[in-house]
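Data block below; observations after.
Please treat every number below as a calculation from the coordinates, not as lab data. Remember, predicted model here, so these are calculated numbers, not experimental data. Neighbour counts are summed over all protein chains in view; Cβ atoms, including those assigned to glycine, are modelled from backbone coordinates with ideal geometry.
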Amino acid sequence: MATARLYARRFLMLLLALVLVACGGSSEVSVSSGSGPGTGTGTPGRGAIAVSISGLPQGTGGDLTVTGPNGFRQRVATSTTLTGLVPGTYTVVAGNVLTGSTTLSPQPVTQQVAVGSGTSSVAVTYSATAAFALALREVVTGLAAPVHLTAPPNDSRLFVVERAGRVRIVQNGTLLPTPFLDISALTTTDGERGLLSMAFDPGYAANGRFYLYYTNLGGNIVIARYQVSAADPNLAGTTGAIVLTIPHPDFNNHNGGLLAFGPDGMLYLGVGDGGGEGDPSGHAQDPGTLLGKLLRINVSNSGAQPYAIPPDNPFVGQAGRRGEIWATGLRNPWRFAFDPPAGNLYIADVGQDQREEIDVEPAASGGLNYGWNVTEGTLCFLAASCNTQGLTLPQLEYDHGPSGGCAVIGGYVYRGNAMPALLGRYLYSDLCSGWLRSFAFRDGVTEKLDWGIAAPGSVLSFGMDGQGELYLLADTFASGTSGKVFRIVDRNAP
C-alpha cells in the first residue's frame with residue numbers, strides 16, 4: 001500500500017496499507033524462467049511432428065498442446081518441429097488466443113497424428129472470430145471495506161468479508177441485513193489489521209466448517225475454525241476454535257491476509273513479513289519463523305491437535321526450520337490463487353519502493369524462495385549482499401509510477417462458463433491505479449492485456465463465486481459503507 005503522503009495526494013483513507021511505496025519509473029516487465037518448445041535431436045527409430053501455425057499477428061504466439069505416449073506433453077506457440085518422438089498416436093489441442101479486443105480461434109481445435117520413424121505434419125490456422133471486451137457490472141453496494149469474496153462450490157450466495165470483522169451474505173442480488181458472522185469485538189482495523197479473508201472447508205456441505213484469517217486485538221495473526229448454524233444456513237455459530245496464532249506485535253502492516261484450500265486439500269496461508277520497511281528483522285529469509293512465508297497445514301484431522309504438518313512439506317524434520325513452511329522469501333502476499341487445471345500457483349506479492357511482482361510456479365513445488373528481502377522483484381534490494389542463486393524470480397513485475405501502481409492486487413485464473421474467451425487467463429489489478437489486466441501463462445507469460453477499465457475507487461481484492469465467475473471489490477472511502485462488489489462480465493453479452 002502507499003504511504004500516508006501518497007494517500008494524502010489521492011484523498012484515500014489509510015485502510016489497507018499493503019506497502020510503503022515511493023514513486024519510481026513506469027514500465028511493465030515480463031520475466032519468464034520457462035522456455036519455448038524445443039525441437040530436440042533426431043534419434044534412430046524415433047519420429048517427428050512438423051507443427052505449422054498460421055493466421056496470427058506478428059509477435060503473437062499460439063496455444064497448442066501436444067500429448068502422446070509415455071506421458072509426452074509439449075506446449076507449442078510457434079511453428080516448429082518436434083523430434084525424437086516415440087512412435088504412436090499424438091493429440092494436438094489448440095486453444096483460443098486473445099490480442100487486444102479480438103478473439104483468435106483455431107481450426108481445427110483437436111487433431112490426432114500418427115508418428116512413425118519419419119516426419120508427420122499438423123497445421124493449425126487462426127482467424128478472428130469475435131470482438132471480446134470486459135466490463136464491471138455492479139452487484140451490490142453499502143459495504144464497509146470489502147476485502148474478500150468467496151462461496152462454497154455450486155452455492156448461489158456470495159460471502160463478502162468486511163475488514164471490520166463481519167461476513168456478509170449477498171443472496172439473489174440483495175445484501176442481507178444480518179451478518180453471517182460478526183467478530184468485530186475480536187479484531188481492530190488500525191493499519192492493515194482486521195478480518196482479512198475466509199475459506200470454506202472442502203467438506204463444507206457435510207461438516208459446515210469454515211476458517212477465518214484475522215488479526216487479534218494484540219496484532220497477532222489468528223487462524224480460527226467456525227461452524228455454520230444447524231438451524232439457519234445464513235448464520236454461523238459465534239464461537240470459534242483457534243487453529244494457529246502467529247506472533248505479529250511490532251508493526252500493524254504486512255499481515256498477509258489470505259487462507260485458501262489447495263487442490264490437495266491442505267490449507268495454505270499467505271503470511272506477511274511482520275511489517276516495517278525493508279523487513280528489518282529479516283523474517284522472510286528466516287526459516288525459523290512463520291512470517292514472510294506461504295504456509296501449508298492439514299486441518300482435516302479431528303484429534304487433539306488443531307492442525308497437523310503434512311509430512312511432505314519441504315522443511316519437515318529439519319533443525320531450526322518450521323515444518324509448516326511451504327515457501328519462503330515473501331514480503332506481503334496479500335492474495336494468491338491456485339489453478340488446478342494447469343497445476344499452477346499464482347502469488348501476487350506486494351512490493352516495497354519500486355516493483356510489484358507475480359510469481360507463477362507449479363503448485364506442487366515446495367521449498368521455493370521468492371527472494372524478499374534479498375530482491376524486490378528482479379531488482380537487488382540488499383545491494384551489499386545480493387546473491388540471487390537459489391532464488392525464484394517473478395514471472396511478471398511492474399514498476400511504480402503514474403501508469404504503474406503502488407500495490408499489486410492478485411486475482412484468479414478464469415475457469416468459469418460465462419466467458420469462454422477468457423478461459424485460462426489470470427486477472428489482477430493495483431490498489432492505487434485501479435486498472436484491470438490479465439495474462440496467460442504457458443511456460444511463461446503471454447497475452448498481456450490491459451482491459452481499459454478504471455475501477456471506481458481503490459481495488460481491494462478479487463473474488464470467485466461458487467460457479468467460478470470472478471468479481472472485483474472496491475471502495476471509494478467516501479463514507480463508512482461506500483464499498484462495492486462488481487462482477488467481471490463480457491461487455492458485449494446480452
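Tell me, which residue of the range 408-449 that is under 21 Å from Pro340 (Cβ atoms) and hydroxyl-bearing (Ser, Thr, Tyr) is nearest to the chain's Cα centre (by Cα)?
Checked the range 408-449; the qualifying residue nearest to the chain's Cα centre (by Cα) is Tyr412.
Restricted to the range 454-489, and to residues that are under 16 Å from Tyr412 (Cβ atoms) and β-branched (Val, Ile, Thr), which residue is surrounded by the fewest Cβ atoms within 10 Å (Cβ to Cβ)?
Val489
Within the range 261-280, restricting attention to residues that are out of contact with any Lys or Arg (no Cβ under 9 Å at 6 or more places or on another chain) and in contact (Cβ under 8 Å) with a residue 12 or more places away in the chain, which residue is surrounded by the most Cβ atoms within 10 Å (Cβ to Cβ)?
Looking at the filtered set, the residue picked out is Gly274.
Output the qualifying pairs, or none if there are none: Cβ atoms under 8 angstrom, residues six or more apart or on different chains, first residue in the range 469-494 and on the phi > 0 side of the Ramachandran plot, second residue surrounded by fewer than 19 Cβ atoms within 10 Å (Cβ to Cβ) and assigned to a loop (DSSP other than H, G, I, E, B).
Phe477/Met13; Phe477/Gly457
Exactly one of these conditions fails for Ser365: (1) among the small types (Gly, Ala, Ser); (2) outside any loop (DSSP other than H, G, I, E, B); (3) surrounded by fewer than 20 Cβ atoms within 10 Å (Cβ to Cβ). Give me its number.
Going through (1) among the small types (Gly, Ala, Ser); (2) outside any loop (DSSP other than H, G, I, E, B); (3) surrounded by fewer than 20 Cβ atoms within 10 Å (Cβ to Cβ) one by one, Ser365 breaks only (2).
Would you pick out the residues in the range 305-329 that are over 17 Å from Ile223 (Cβ atoms) and part of a loop (DSSP other than H, G, I, E, B)?
Matches in the range 305-329: Pro311, Asp312, Pro314, Phe315, Val316, Gly317, Gln318, Ala319, Gly320, Arg321, Gly329.
Considering the range 188-209 alone, what residues qualify as being crowded, with 21+ Cβ neighbours inside 10 Å and hydroxyl-bearing (Ser, Thr, Tyr)?
Ser197 - this is the single residue of the range 188-209 that is crowded, with 21+ Cβ neighbours inside 10 Å and hydroxyl-bearing (Ser, Thr, Tyr).
Among what's in the range 151-164 and is in a loop (DSSP other than H, G, I, E, B) and in contact with a Phe, Trp or Tyr (Cβ under 7 Å, 6 or more places away or on another chain), pick the residue that is surrounded by the most Cβ atoms within 10 Å (Cβ to Cβ).
In this case the residue turns out to be Ala151.
Within the range 331-343, does at least one residue satisfy the condition of being farther than 26 Å from Leu149 by Cα, more than 13 Å from the chain's Cα centre (by Cα) and assigned to a loop (DSSP other than H, G, I, E, B)?
Checked against the condition, which is being farther than 26 Å from Leu149 by Cα, more than 13 Å from the chain's Cα centre (by Cα) and assigned to a loop (DSSP other than H, G, I, E, B), the range 331-343 yields no hits at all.
Kindly check whether there is at least one residue in the range 379-401 that is among the acidic types (Asp, Glu), part of a loop (DSSP other than H, G, I, E, B) and more than 29 Å from Tyr126 (Cα to Cα).
no
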